[in-house]
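Here's the structure we're looking at; comments come further down.
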């Protein structure tokens with residue numbers, strides 16, 4: 001069993017966008033889906049070399065296309081057990097603001113973070129340009145225009161580290177070489193600050209973890225409680241897939257041994273509740289259910305070995321729809 005439950009290499013970069021509304025902007029309370037959806041439209045328009053209706057049906061460019069890599073990610077041919085993975089995690093995660101503000105007057109700022117994983121870090125300039133384009137297309141039900149006023153490189157825990165661009169405009173350079181890239185050592189350093197025998201997790205956004213083909217905590221489902229081993233299984237799936245597909249990591253872990261150890265950890269208190277969220281997918285032309293668990297859960301047992309995995313999960317999230325910001329949690333009250 002690996003002495004440190006984190007893959008290497010596992011580079012991560014957190015970038016903060018500050019958008020300033022030019023026109024009255026109406027957005028949903030939870031903004032992850034609208035940000036990611038608008039970003040996808042703009043990135044595809046900028047990157048795609050095949051005009052509709054042939055674009056992406058199928059596209060031979062695959063991961064060589066900036067849009068394809070971010071939205072239709074293919075498993076790498078050398079991806080080992082992930083070579084035939086059908087649901088490949090994308091190399092980015094949106095962290096929208098948690099405040100429920102829905103109306104933005106001209107001049108008001110909307111800030112959000114984007115976490116980039118592995119090769120996705122090198123796509124940053126393309127992503128900034130796509131948001132410049134989206135600013136002209138408009139965001140929300142009013143298609144309100146905005147400016148990308150600032151782009152900042154943050155450390156993994158939200159402290160400003162470097163200014164990548166100051167001022168709006170597609171012609172302004174993005175100092176992508178100044179971005180701060182964290183590695184597994186930063187994750188381990190965070191893990192070492194966590195308690196070893198009793199941990200409380202606070203789920204900040206709806207968390208959709210599947211176990212036995214059902215969503216944990218769904219009032220209509222058969223799995224009422226988020227046992228620790230269910231969380232660990234979901235984290236192992238996500239972190240290992242990200243590491244293999246985007247970081248080129250060959251993570252040799254005794255998964256069965258890790259899960260067996262997780263099954264010995266006890267759930268001692270839970271305030272988790274299910275909240276419903278929905279969005280309409282313009283790409284899939286259907287409603288998507290994004291409901292999940294929020295609030296706190298506490299576990300007791302020998303937790304020391306799991307702390308790096310939990311610290312990684314704080315960054316990359318856990319469960320389904322993580323790219324929208326779902327499955328965001330912090331360890332500690």
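The values are calculated or read from the model by the stated rules, or taken from the named source; none is laboratory data. The structure displayed is predicted, hence computed values, not measured ones. Cβ sites come from the backbone with ideal geometry, for glycine too, and all protein chains shown count toward neighbours.
One line per residue, one yes/no per condition, for (1) in a loop (DSSP other than H, G, I, E, B); (2) outside the structural domain of residue 35 (by TED's automatic domain parsing); (3) crowded, with 24+ Cβ neighbours inside 10 Å; (4) touching a helix residue (DSSP H, G or I) at 6+ places or on another chain (Cβ under 6 Å):
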site	(1), (2), (3), (4)
295	no, yes, no, no
298	no, yes, no, no
302	yes, yes, no, no
306	no, yes, yes, no
311	no, yes, no, yes
314	no, yes, no, no
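Do we have residue 162 as more than 21 Å from the chain's Cα centre (by Cα) and surrounded by 17 or more Cβ atoms within 10 Å (Cβ to Cβ) here?
no
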Go through region 139-148 and give me each residue that's at pLDDT 95 or above and under 23 Å from the mean Cα position of the chain (by Cα).
139, 148
For strands (runs of 3 or more DSSP E) lying entirely in region 143-252, having 3 or more residues that are in the same structural domain as residue 266 (by TED's automatic domain parsing) and in contact with a strand residue (DSSP E or B) (Cβ under 8 Å, 6 or more places away or on another chain) picks out 198-207
In region 53-105, how many are at positive phi and modelled with pLDDT of 90 or more?
0
